[in-house]
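Below is one structure, written out as structure tokens; comments come after it.
Laboratory data are not the source of any read-out in this text; all were calculated from the coordinates shown. Because the structure is predicted, anything quoted here is derived from the model rather than measured. So basically every Cβ, Gly included, is an ideal-geometry build from the backbone, and we count neighbours across all protein chains shown.
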Amino acid sequence: MKISRFKLILPALIAWVGFGVSYADGVHQMNIDVKKKGAEISNTMYGLFFEDINFAADGGLYAELVKNRSFDFPYALTGWLPAGNVQIMNDGPFENNPNYVRLGGSGHGAKFTAITNEGFFGIGLKAGEKYRFSVYARSDAPRGSSIRIELIDRAAMGEQQAFVKHNLRVDSKDWKKYTVELTSPVTISKAQLRIFLTGQSNVDLEHVSLFPVDTWKGRENGLRKDLVQALADMKPGVFRFPGGCIVEGTDLETRYNWKNSVGPVENRKLNENRWHYTFDTRLFPDYFQSYGMGFFEFFQLCEDIGAEPLPVVSCGLACQFQNGRDAHCSLEEIDVFVQDAIDLVEFANGDVNTRWGALRAEMGHPEPFGMKYLAVGNEQWGEEYIEHVVPFIEALRKNCPEIEIVGTSGPYASGEYFDYLWPKMKELEADLVDEHYYCPEDWFINNAARYDSYERKGPKVFAGEYACHGAGRKWNHFNASLLEAGFMTGLERNADIVRMATYAPLFAHVEGWQWRPDLIWYDNLSLTRSCSYYVQQMYSTNKGTHVLKLLDDMQKPYTGAAGQDGLYASAVYDETDNSIVIKVINIGDESQEINVALSGLKRNETLKKGVVTTLHSDDIYADNVPHTNLVIAPETIKPVTNEIELNGQNMSVTIPAKTFVVYRLYR
Ligand code: AHR
């Protein structure tokens, strides 16, 4: 508690430490007893939530560069520009994606038949990088036929237009996969892929694909390396996928059906993406889910980045916002949905001799993925949800006792749905309850104490989707991220009950977004991390292992309450390096002096050094993703790390206005 209004404004952050200091008025006192280790902080505490919104999968994390590679979009040539004699056929080699194209003579000489793919807002290529083109093709002519594959810049003229050309002989009457490596001589964000018929006879083409060779871990059906790296750098403890509303679908037919997302990639059944028409001001009729990045790839990604997988399955209710009461499967049909959940556990964890475990092994991962959590439903509400979720809970408890079940509390942080569902979740003994809050600034300012009074018995909390949506300014400005940081001290302080928290949404293509703010923005060549990304990262990389109480002189936590001058703070102990980590957020307009007094150290034990990480912007409405032109540019707001010398049991610091600081203190 601050003792008087006296203020000492210091120009920059300073640190001063000593034994037996006396404290002047105007100094905030933060007291931490380092001997009293509180609750263990779950490894899953800070994580990621992935949903295919904003072109996050196809056109984003999934590195495929060709849109509608199998010609199975409802309009079969979506994404393709045909010229000459191009026919759509539908008796192809892949049962679930039956369409393919037949390129035939145009009657003007073969060279006028071609198809050109526009990619996702263009095709991004980097000079000197290799790209793997592949296609299933056949020709019915006895001596085969041929095509020419080109990478082109439509804006260029003459010879410059096709900057890569490669002739390919199609010598098989039966479907055969042809693969070619192409090197781009240029860096270009909006290239296109063109395929000319150059032979005299017909050529059939199916599953036309182009991937960078240099994907994350070099996998052929791989993910974009820079985007995965940004995820790995977060050191996430948990990864929730695949949504969000796409789990529910617009209707049950279009729900995310994980079984369609596994097995050979060519035969994964296309699904529409419900975000393609959700907002009529952000209409993307060409937004579909190829499922090229499906559940196998999600589990593999979790393993790569060290996050616990947390899949979400449909509970047999489609989006209630859109469908009202017509959105459910009748309870007689629920068994299919329940079986999907049980089978998913088998796919992730089952022995290789089981049906779904065998498929996992066939796909290249005989070892189980060790899935521990499963969420049933996304933002469902009301009695309908309870009726639908009960059969899941019963079946999962019986067949998969190792799985912790995550139920939902509806789409809002409070109110009728929330108040109805929480007690129900307790009654049903869900392990965790998923809470969502996309709220304005004042909510984040006033809710750092939200979990201080939660009942400790019963389900734990999963803050599964949250973000500060600044009133009228819904983008990623610094102020929103600062308020998120302040609020998150309350998650940390209550780590005994809050087991997981994931910001949402995660990804957005600058040309294809439907929803903002988002954590990471990208175009076809590069990315920008938002200020909120850095807040999340400062928490997740300074998570610690045990909560420490941090109190003012009135024994109150710093929650920005009256008299605390806009200060939020929390502390943890990290047994991995025996450090004490203190997070302080000053959302106020003035700098604040703070004295941190550590008790419980051994008599002669002193602090030796501190690593100080600071996130600050002079302009609180600045952001790393300029909202006006949405162009990826170098990040201007990033954490800065310094080391400080320490030599006592207290630490005095000044926190500038509008600043988030993490102190990692070593003895
Ligand atoms: O994150 C965007 C959407 O917000 C999610 O799909 C949904 O769960 C929530 O309404």
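Computed over the chain, the per-residue total of -39500 (n - 2.57) for DSSP H runs of n ≥ 4 gives a 222 nm mean residue ellipticity of -5000 deg cm²/dmol, rounded to 500.
With the biggest extent put first, the Cα atoms of the chain measure 95, 60, 44 Å across the principal axes. Working from Cα pairs under 8 Å separated by at least six residues, relative contact order for the chain is 18 percent. In the range 163-300, Cα pairs under 8 Å separated by at least six residues give a relative contact order of 13 percent.
At q = 0.09, 0.10, 0.14, 0.20 Å⁻¹ the log10 of I(q)/I(0) for the range 503-660 amounts to -0.38, -0.46, -0.82, -1.33, computed by Debye summation with a single uniform scatterer per C-alpha, solvent ignored. When R603, R282 are sorted by how many other C-beta atoms sit within 10 angstrom of their C-beta, beginning with the fewest, the order is R603, R282. Screening the chain for DSSP H helices whose Cα atoms reach 24 Å or more along their own axis and whose mean Kyte hydropathy is at least -0.5 gives 382-399. Each Cα pair under 8 Å and six or more residues apart adds its sequence gap; the mean of these over the residue count of the range 267-411 is a relative contact order of 22 percent. Fewest-first ordering of F241, F211 by other beta carbons within 10 Å of each residue's beta carbon gives F211, F241.
Neighbour counts of other C-beta atoms within 10 Å: give me M538, M554, M157, M488 arranged from fewest to most. Intermediate values should be presented prior to the final figure.
Numbers: M538 21, M554 10, M157 7, M488 27.
Listing M538, M554, M157, M488 from fewest to most nearby Cβ atoms yields M157, M554, M538, M488.
The loop-placed trypsin sites (Lys or Arg not before Pro) in the range 35-99, going by DSSP, that have at most 12 neighbouring Cβ atoms within 10 Å of their Cβ come out as K35. With viscosity 1.002 mPa s and temperature 20 °C, the Kirkwood radius over alpha carbon pairs of the range 504-581 converts through Stokes-Einstein to a diffusion coefficient of 140 µm²/s. I need the shape label for the range 199-342. Rule: rounded when a/c is under 1.5, else prolate if a/b > b/c, else oblate, with a, b, c from the alpha carbon gyration tensor. Note, shape of the range 199-342 comes out oblate.
Among the chymotrypsin sites (Phe, Trp or Tyr not before Pro) within the range 613-667, those in coil by DSSP and having at most 14 neighbouring Cβ atoms inside 10 Å are Y621.
Annotation for the range 444-485: trypsin sites (Lys or Arg not before Pro) lying in DSSP loop with at most 13 further Cβ atoms inside 10 Å of their Cβ are R456, K457.
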